[in-house]
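Each remark here refers to the structure printed beneath this line.
The values are calculated or read from the model by the stated rules, or taken from the named source; none is laboratory data. Bear in mind the structure is a predicted one, so any value in this text is a computation, not a measurement. Quick reminder, even Gly has a Cβ in these numbers, built from the backbone with ideal geometry, and neighbours come from all protein chains shown.
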Amino acid sequence: MSNEQVQLHRVTGAHRQESLVPGELTVDPRQALMELIVESRRAAVVSPASVVHVVQQDESQRLRIEQLSAELDAIRFSAFWRLTAPLRGLLTRLPRIRRTLRGTAKSLKRLFHPAQPPIPSSPPEPVQDVEVPEAPPADDGPLQPPAVEPLRDPWRDASIALPLPWARPVPSGRRRIAAIIHLYYEELAHEFRRHLACIDEGVDVYISTGSEFHASLVRRAFEGWQGGAVEVRVVANRGRDIAPKLVVFRDVYAKHDHVLHLHGKRSHHAAVLAPWRQFMLQSLVGNRQVVDSILGMFDESPSLGMVGAQHFEPMRHWLGWGGNFERCRGLATRMGFDLDRSAVLDFPAGSMFWARSAALAPLLDLKLDVEDFDPEAGQKDGTLAHAIERLYYFACEHAGYRWLKVARPEFYEHTPGIESIPTPVALREWIARKPLRLLDGAGESPRDTVPVPVERPTAAFVREIQRFALGMPNARPSSRRVAVGLVIYENPPAEVARAIDAALIALAHAGGDAAGRLYVVNNGPSALALLPVVRGAIDVLETQGNVGFGAAHNRLMTTAFAQGATHYVTVNPDGLLHPMALRALVDMAQAHGDRVLVEALQFPREHPKVYDAFDFGTPWVSGGCLALSRTAFDLTGGFDDSFFMYCEDVDLSWRARAAGLSLKTCPKAIFLHAVTNRERHVPTLRMIFESALHLARRWDAPVSFEEWIGAQMKSIGMDVPGERPEPVPMAWRQYADFQHDFVFAPPRWLSDD
Amino acid sequence: MIEDQVDCIVRLHDSRRLLELERCVFSLVGQRHERVHIILATQRFSADEIAGVRAALAPVLALAGAPTLTVANWESATPADARTELLNLGLAAVTGRYVSFLDYDDTLFPEAYELLLARLKTTRAAIAFASVRTVRADVHADFVYVSSHPKPPFAGRGLLDLMRGNFCPIHSYLIDRARLPDGVLRFDTSLVWEEDYDLLLRICACKPADFQALHHVIGDYYFKTDGSNSIWTDDVLSESKKIAYEQVAARIEMRRRLTRVSLEVQRTLLDECEVDARLTLRGLLDLCASHPDDAL
């Protein structure tokens, strides 16, 4: 017994109590308690509060370890890691070879990097995309401020609050507008279409992308575009978004009074920048009031040449010349002006803005060629594209125009210089008064400290983009007729009855002028007497035996769409739809023009695969509760009947992406799915493995994955089938993911229990 | 006492947290065990707020087989934080044989009560335990985003581990009221933290407990990034709370030292020769620490 224990026992006499009833106190506790506190404070080496602190630290470290483990696992399960396993084994066994290779590598390194200084830790590069195949999300580590760059202090960095109270829609045809967009990620096309629809005046759309296949998907996304012309051009992956906009579409500017520059940016540099694209889109074309305000400013101020967005707050402290000044200076000289490194700098980071075509003339007149731009090598700085991005406002001024920045105040918490402009006259006065000039800055001095990093965007901004992705509020809920499909296979009658009851309630809340319907088919041998008496809104199809999950749903879908359904939602009978789930699913589908597959959120235990916290994109969607529009069904044909059960939803998802559809998780649509604490029987494993093998062969998975599935099958006594299905077209295979086992997507967490 | 009914006491102290409450209740709607009665214990809600709560829950409670709902409102102006009083308020409203607890922001898996009831019905235990996971989540206006799944911070193997420290979150167990002596099933209102642990110590000191379902995860414990959890937040580390927490820890230790372990419980852990009617929880722990087999 320790000294501490002896002391405590003396205070309480607690080792054996004579007069106690089990579970109850009988002595006056107050005095004993006070003494115990005093004694324990004297004796304690570690206070309870310290324990709390340690536990918190431990929690933080555990999260970091889990993150690193996830990264390690991603490597370990990657095809590359598997493919190189023999080589690693060889090197392990043969140390001499290993030493030789290491020595050679060191020699080569010295050869190409003589006397190389230590590489400084560089901040995430703000002004470019990583135009390389999809990379894992960047580490969201602590932000490292760069050296002081000559931008304005936030409190002097003036911008105009949107929307303007006096802005009004302008009749179409008064001017010609072009949206010039580079889409490296073609699946973003429909997101851009939604925003461009906010330009009531009409807009001709010019989009560049990287391949004919992607171009076909972009064209499909803009089918039926009423706002003007649509032209998609295939470009080399060179010059990021800048070369396509200024070189490939150079002919567009003369035909249009105003241009809107956008591009499908995805930032992998840091998680805090993940919604940067949405920030730019919301700021420049977020809604009709924003668009009318910006175009209204051009109308009221003929000297206004460009309108950019006030800087995204998490981005601000990274902005600057970087390693681009000398290249910028060279370009400036060619345009006819000089740059002063000590003067104020500003530029539309992200290269998205509105402009008069004439304001870009100095850059267009450079007559650049795509070949002038640096070959793509994942550069983070120093390319011609980086230089041009920093010169847009300079070029605008050199062309004789002014520029300004706009801001939606709810998107900012650390940017005090946002001003309301009550009248058109006030706008002209504001432009004349504010020294928003770079070429003759009137003695304005740049900031002398780096702004404090802002670690997250505002809650209002996050809510805005989430509601945009969710389709909230939905302007046309009446134009829908929702169908729910249940495929039953020997489910307990009570379970089916509850699922049907929940589906009927959810249908009643789903919206739409026409009543929704429930479609049921029984793949099992039991009679359908198990169905509840309520038949009015239920269509029970004649059974065709156990044809499989996907085939049965295809029958139901075909029937539902033939009877006028606009949307069909698969519902597993071992789950319960939340009463508002169907409404949320269809709201989201309609918001994306029905060119989307939307899955419900599995609840209470979620599927571990990733989905984006801002736009809710996900690599594949589960068939457990999945909404398809008639458009999506027409484009995909529904499930592939050759899958009996399992993985048909993964296959459908990948085919949907290859057809230009988006995949979304709807976190507002909750589907209570009973998947926890279930025993997995060998027959189930057989179906899973067979389907996974079929999927692997259809999508030309790496040999290592197919071998892994084969080993799994053999481990439970299965023969590996020899037949190989017709593989999908080569261009589709970019959407398949065989690097994450049966998750078929990066997981949010690794193990579930 | 309604024989097959599980009463679930759900605490709610903020009428703005209806999104999380509705998820919590929906997880109860999904229970395979059919007879569930929810007792929603609210802290000083106005009539309008209570009406708002009922309206928010009405759609999910309209589902077939959904639990019944009783709202019990703590009206008194004191204490400021009536979290423990809310639990007793809920207990005063129970009518079923079985009772459980669930905070408004946590969830249970569909088989949770079915599994725990099976343990209670096949043993002599007055309380049966399973496990819950922790999930890290961002609470947004329209939904909850689960960003990761940290490893469970709660680790324990059975009764002795529970006596050493609480590894059993409040929704990880089910209590059989019929097997408890009168007076045990109430919370000590002088505790604002660890009130549930204090109850567990008293229950487990007097009646057998079942831990055989610990390897089953039956629900989620939400660690929320908005800091709205009542524990493990920065707020806990304020000076006043440090002191309060020290006092609570001392109270818990005193509970161990002053609470006698029943012979029935001792016999689940000790040889007959070691059984002693005067043994306290602390004494039992000390005795078992010196025991060659501490795997109990």
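For the range A:364-391, the tally of residues that are crowded, with 23+ Cβ neighbours inside 10 Å and within 21 Å of A:SER303 (Cβ to Cβ) stands at 1. Residues in the range A:707-753 that are among the hydroxyl-bearing types (Ser, Thr, Tyr) and assigned to a loop (DSSP other than H, G, I, E, B): A:SER751 alone. Each residue in the range B:247-268 was checked for being within 8 Å of another protein chain (Cβ to nearest Cβ), of a type in the set (A, V, I, L, M, F, W, C) and out of contact with any strand residue (DSSP E or B) (no Cβ under 9 Å at 6 or more places or on another chain), and 4 of them qualify. Let me spell it out: the conditions are (1) more than 22 Å from A:GLY471 (Cα to Cα); (2) buried (at least 23 other Cβ atoms within 10 Å of the Cβ), and A:ARG233 meets all of them except one. Which number is the exception? Unmet for A:ARG233, out of (1) more than 22 Å from A:GLY471 (Cα to Cα); (2) buried (at least 23 other Cβ atoms within 10 Å of the Cβ): (2). Any residue that is of a type in the set (Asp, Glu), more than 30 Å from B:ASP188 (Cα to Cα) and within 14 Å of chain A (Cβ to nearest Cβ) - is there at least one of those in the range B:41-59? No. Of the residues that make up the range A:676-697, is at least one assigned to a loop (DSSP other than H, G, I, E, B), in contact with a Phe, Trp or Tyr (Cβ under 8 Å, 6 or more places away or on another chain), modelled with pLDDT under 95 and within 14 Å of chain B (Cβ to nearest Cβ)? Among the residues of the range A:676-697, at least one is assigned to a loop (DSSP other than H, G, I, E, B), in contact with a Phe, Trp or Tyr (Cβ under 8 Å, 6 or more places away or on another chain), modelled with pLDDT under 95 and within 14 Å of chain B (Cβ to nearest Cβ), which makes the answer yes. Taken together, the residues in the range B:238-296 that are more than 18 Å from B:ILE203 (Cβ to Cβ) and touching a residue at least 60 places away in the same chain (Cβ under 8 Å) amount to 3. Look at B:SER15 and say whether it is outside any strand (DSSP E or B) and closer than 18 Å to A:ALA502 by Cβ. It is false that B:SER15 is outside any strand (DSSP E or B) and closer than 18 Å to A:ALA502 by Cβ. Checking each residue in the range B:175-192 for being surrounded by fewer than 22 Cβ atoms within 10 Å (Cβ to Cβ) and either of a type in the set (A, V, I, L, M) or facing another protein chain (nearest Cβ under 10 Å) (or both) picks out B:ALA178, B:LEU180, B:PRO181, B:GLY183, B:VAL184, B:LEU185, B:ASP188, B:SER190, B:LEU191, B:VAL192. Considering only residues that are touching a Ser or Thr at 6+ places or on another chain (Cβ under 9 Å) and assigned to a loop (DSSP other than H, G, I, E, B), look in the range A:492-524 and name the one that is surrounded by the fewest Cβ atoms within 10 Å (Cβ to Cβ). Ranking the qualifying residues of the range A:492-524, first place goes to A:ASP513. Considering the range A:723-743, the residues that are within 15 Å of A:THR618 (Cβ to Cβ) and modelled with pLDDT of 95 or more include one that is nearest to the other protein chains (Cβ to nearest Cβ), namely A:ASP737. Within the range B:207-227, which residues are at negative phi, surrounded by fewer than 22 Cβ atoms within 10 Å (Cβ to Cβ) and not in a strand (DSSP E or B)? Residues satisfying the conditions are B:PRO208, B:THR225, B:ASP226.
For the range A:557-574, which residues satisfy the criterion of being within 25 Å of B:LEU63 (Cα to Cα) and surrounded by fewer than 24 Cβ atoms within 10 Å (Cβ to Cβ)? Selection gives A:ASN572, A:PRO573, A:ASP574. Regarding A:HIS317, is this residue part of a helix (DSSP H, G or I), within 27 Å of the chain's Cα centre (by Cα) and crowded, with 23+ Cβ neighbours inside 10 Å? Here the answer is yes, as A:HIS317 does meet what is asked. Check the range A:650-673 and report whether any residue there is within 14 Å of another protein chain (Cβ to nearest Cβ), crowded, with 24+ Cβ neighbours inside 10 Å and at pLDDT below 95. Taking every residue of the range A:650-673 in turn, at least one turns out to be within 14 Å of another protein chain (Cβ to nearest Cβ), crowded, with 24+ Cβ neighbours inside 10 Å and at pLDDT below 95. The residue that is farthest from A:GLY617 (Cα to Cα), among those in the range A:160-194 that are of a type in the set (Val, Ile, Thr) and modelled with pLDDT of 95 or more, is A:ILE160. Checking every residue in the range B:16-24 against the condition of being within 14 Å of chain A (Cβ to nearest Cβ), touching a residue at least 60 places away in the same chain (Cβ under 8 Å) and touching a Pro at 6+ places or on another chain (Cβ under 7 Å) gives zero matches.
Scanning the range A:173-208 for residues being within 18 Å of A:SER357 (Cβ to Cβ) and either over 31 Å from the mean Cα position of the chain (by Cα) or surrounded by fewer than 16 Cβ atoms within 10 Å (Cβ to Cβ) (or both) gives a total of 4. With the requirement that a residue be crowded, with 23+ Cβ neighbours inside 10 Å and part of a helix (DSSP H, G or I), what does the range A:296-314 give you? If the condition is that a residue be crowded, with 23+ Cβ neighbours inside 10 Å and part of a helix (DSSP H, G or I), then A:MET297, A:GLU313, A:PRO314 are the ones that fit.
Those residues that are under 17 Å from B:VAL132 (Cα atoms), at pLDDT 75 or above and either touching a Pro at 6+ places or on another chain (Cβ under 6 Å) or not charged (D, E, K, R) (or both), I need them from the range B:221-248; list them, please. Hits for the range B:221-248 are B:TYR221, B:TYR222, B:PHE223. Looking at B:VAL217, B:VAL184, just one residue is more than 14 Å from B:ALA128 (Cα to Cα), in contact (Cβ under 8 Å) with a residue 12 or more places away in the chain and not basic (Lys, Arg), and that residue is B:VAL184. Does the range A:699-711 contain any residue that is touching a residue at least 40 places away in the same chain (Cβ under 8 Å), within 14 Å of another protein chain (Cβ to nearest Cβ), crowded, with 19+ Cβ neighbours inside 10 Å and under 25 Å from the mean Cα position of the chain (by Cα)? For the range A:699-711, residues touching a residue at least 40 places away in the same chain (Cβ under 8 Å), within 14 Å of another protein chain (Cβ to nearest Cβ), crowded, with 19+ Cβ neighbours inside 10 Å and under 25 Å from the mean Cα position of the chain (by Cα): absent.
Selection of the range A:457-471 for residues being under 14 Å from the mean Cα position of the chain (by Cα) and over 14 Å from A:MET588 (Cα atoms) yields only A:VAL462. Is it the case that some residue within the range A:592-610 is within 18 Å of A:GLU191 (Cα to Cα), at pLDDT below 95 and of a type in the set (A, V, I, L, M)? The answer is no, given that none of the residues of the range A:592-610 is within 18 Å of A:GLU191 (Cα to Cα), at pLDDT below 95 and of a type in the set (A, V, I, L, M). Restricting the range A:560-594 to residues that are part of a helix (DSSP H, G or I) and not small (Gly, Ala, Ser), which is nearest to B:ALA66 (Cα to Cα)? Checked the range A:560-594; the qualifying residue nearest to B:ALA66 (Cα to Cα) is A:LEU582.
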